[in-house]
Amino acid sequence: MPNVMEKIKGYLEAMRLTYEVRPEGGKVNRLFVPFVDSENNRFSVVIDQSAKWIRFWTIILPHEKIRGPEKQIELYKALLKANSDLAEVKYFITPKGDVGLVGHEGLKALTVDGFRQEFNAVSFGINYFITEIAPKFGLRISGISKDQLSIYG
């Protein structure tokens with residue numbers, strides 16, 4: 001029986017998605033999947049594993065792009081509203097104030113169809129932020145490199 005990360009690599013290959021493996025301590029526990037939106041912004045969707053979950057996440061907007069405390073508060077309100085409106089994924093704020101997106105799939109329920117649905121929900125969440133939220137605040141999205149993704153260690 002393959003381990004969870006080996007299964008996930010197989011799912012990504014079946015979906016014809018490329019990925020980068022990031023081993024830590026001789027063990028594969030994090031994969032980076034490139035995602036390019038309709039504006040050609042490049043993101044890395046990180047897939048990692050906890051005790052009970054597969055986590056899909058990325059940073060969408062670095063904190064430096066959010067100017068002024070009033071704009072920040074209004075943006076956070078919009079993210080909370082989106083969290084109540086959207087299924088499968090949720091927006092989050094890092095300790096620095098970066099805006100991210102996260103989705104989870106239970107290890108016990110992990111199937112290729114569930115994995116595909118969750119991965120597609122992440123890409124939907126990125127596009128939703130770019131098309132529905134960012135324009136309301138005049139935010140320009142430019143993607144973020146995988147080396148800047150540090151919220152989960």
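The values are calculated or read from the model by the stated rules, or taken from the named source; none is laboratory data. Since the structure is predicted, the reported quantities are computational estimates derived from the model, not experimental observations. Methodologically, a virtual Cβ is constructed for each residue, glycine included, from the backbone with ideal geometry; neighbour enumeration extends over all protein chains shown. Surface areas here come from the heavy atoms of the whole protein model, side chains and all, with no ligands, DNA or RNA. Shrake-Rupley method; radii C 1.70, N 1.55, O 1.52, S 1.80 Å.
Tabulated data
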{"item": "Helical mean residue ellipticity (222 nm; -39500 (n - 2.57) per DSSP H run of 4+; nearest 500) of the chain", "result": "-9500 deg cm²/dmol"}
{"item": "For region 4-66: rounded, prolate or oblate by the Cα gyration tensor [a/c cutoff 1.5]", "result": "oblate"}
{"item": "Tensor-based shape of region 93-140 (alpha-carbon gyration tensor, a/c under 1.5 rounded, otherwise prolate or oblate)", "result": "oblate"}
{"item": "Cut-off 14 Å between beta-carbons: net charge of the residues surrounding I66, Lys and Arg +1, Asp and Glu -1", "result": "+3"}
{"item": "Normalised contact order of the chain, rounded percent, pairs of Cα under 8 Å and 6 or more residues apart", "result": "23 percent"}
{"item": "Set K81/K108; K27/K108; K65/K136 screened for pairs whose C-alpha atoms are more than 23 Å apart", "result": "K81/K108"}
{"item": "Accessible heavy-atom area order of E64, E118, highest first, probe of 1.4 Å", "result": "E64, E118"}
{"item": "Potential lengthening between L86 and V4 on full extension [0.36 nm per residue; Cα-Cα distance subtracted]", "result": "26.8 nm"}
{"item": "Exposed trypsin sites (Lys or Arg not before Pro) absent: longest stretch of the chain, with sites in DSSP loops and at most 12 other Cβ within 10 Å deemed exposed", "result": "97-139"}
{"item": "Accessible area per residue in Å² at 1.4 Å probe, computed on the chain", "result": "55 Å²"}
